[in-house]
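Since the structure comes first, as structure tokens, the remarks are kept for the end.
Only the coordinates and a few stated rules stand behind these numbers; no lab work does. What you are looking at is a predicted structure, and each value in this text was computed from that prediction instead of being measured. Because the Cβ atoms are built from the backbone with ideal geometry, glycine has one as well, and the counts that use them run over all protein chains shown.
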Amino acid sequence: MASMRDIKRRKQSIQSTGQITKAMKLVSTVKLQKSKTKAEVTKPYFTHMYEAMCEILSKSGNIDHPYLKGDPSKKKGLIVISSNRGLAGGYNSNIVKLVMGSGIAKDDCVIYAVGRKGKDSLARKGYEIAEDYSEVMGGPVFDDAIAIGRRVVQDFNDGKIGEIYLAYTDFKNTVSHIPTFSQVLPVQRPEDKGKEDSDADRLLFMNYEPEAEEAFSMIIPLYVNSMIYGGLMQAFASENGARMQAMDSATNNATEMISDLTLKYNRARQSAITQEITEIVGGANAIN
């Protein structure tokens, strides 16, 4: 059985840790409220941007454009969004597992890392890191998405990569964060919407001025930027939500451990007192 001194020392250590985790929880809660608001405001924009692109493609006929074809024989570019700091439960490890379980071979991947934790983990596992945008996760803005989008689209145009994917964590609510893997380029054509669409709607094609190919060359990079920005905002809110939950669990665990150690300390103290009384009584009897 541990001595009272050992129990007291461990209790003080856990109390200090509990104070730290409680403070981190409060900080994460404040950050979560701000990032949650931004994510909720941003989500309709990039959701409607995606729907608008699908609508455009469904009514554009057979357009021959590199952004719609890609090249599956070339490497795949993966924009992987994680965090710069740990203490967020399984947030970062879930993204790494998502990338490794995507079905894309390691040798076929080029990683554009947003967040040091994901970058370091994938680099240790042998993935090629093409660019590191970790500073973005200090507080992502739309200009960051533009910079990332410009690089990946340029690599796509230069033939360095044939496809672009986005790996991020989708923010559903404070306690639900879903790792998500989606294709950005080539833009996938939507399937038939179903019988509810009228024949007139399906036969109505869009006219472009200038030509359709030139219009897509301008529209799709903007679409890519909006998808990246949406992923950044969702991931930033998810990170703060995951860290808040992790620090809350750590604080609760510290409280439980302190209660258990307090009980053990009291028992050890009572045992020591009983032993002292027994020794005093035994000594007195021996004298008599």
Q: Calculate how steeply helix 91-100 sits against the longest principal axis of the alpha-carbon atoms of the chain, using the helix alpha-carbon long axis, and give the answer as 0 to 90 degrees to the nearest 10.
A: 50
Q: Have a look at Pro221, Ser83, Leu26 and report the one farthest towards the positive end of the charge dipole of the chain, computed about the Cα centre with Cβ charges (Lys/Arg +1, Asp/Glu -1).
A: Leu26
(Q) Give the lysines reachable from Lys106 as a straight Cα distance under 20 Å; neighbours fewer than 8 places away on the same chain don't count. (A) Lys74, Lys75, Lys76, Lys97, Lys117, Lys119, Lys125, Lys160
Q.
As a footprinting exposure proxy, order Leu263, Leu122, Leu232, Leu68 by other Cβ within 10 Å, with the fewest listed first.
A. Leu263, Leu68, Leu122, Leu232
(Q) With +1 on the Cβ of every Lys and Arg and -1 on the Cβ of every Asp and Glu, and nothing else charged, how large is the dipole of the chain about its Cα centre, in debye rounded to the nearest 20? (A) 2060
Q.
Taking the number of other C-beta atoms within 10 Å as the exposure measure, put His177, His48 in order starting with the fewest.
A. His48, His177
Q. So what's the net charge close to Arg124: Lys and Arg +1, Asp and Glu -1, counting the other residues with Cβ under 13 Å from its Cβ?
A. +3
Q. Among Ser102, Ala235, Gln270, which residue has its Cα positioned farthest towards the positive end of the charge dipole of the chain, with +1 placed on the Cβ of Lys and Arg, -1 on the Cβ of Asp and Glu, and the dipole taken about the Cα centre?
A. Gln270
Q: Using the Cα centre as the reference, give the magnitude of the dipole from point charges on the C-beta atoms of the stretch 82-162 (Lys, Arg: +1; Asp, Glu: -1; all else neutral), rounded to the nearest 20 debye.
A: 380
(Q) Loop-only GluC sites (Glu not before Pro) in the stretch 206-271, please: DSSP not H, G, I, E or B, and at most 16 other Cβ atoms within 10 Å. (A) Glu211
Q: Only helical DSSP H runs with n ≥ 4 go in: add -39500 (n - 2.57) per run for the chain, normalise by residue count and round the 222 nm mean residue ellipticity to 500 deg cm²/dmol.
A: -21500 deg cm²/dmol
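In the neighborhood of Ser226, defined by Cβ-to-Cβ distances under 14 Å, what is the net charge if each Lys or Arg adds +1 and each Asp or Glu adds -1?
My count for the surroundings of Ser226 gives -1.
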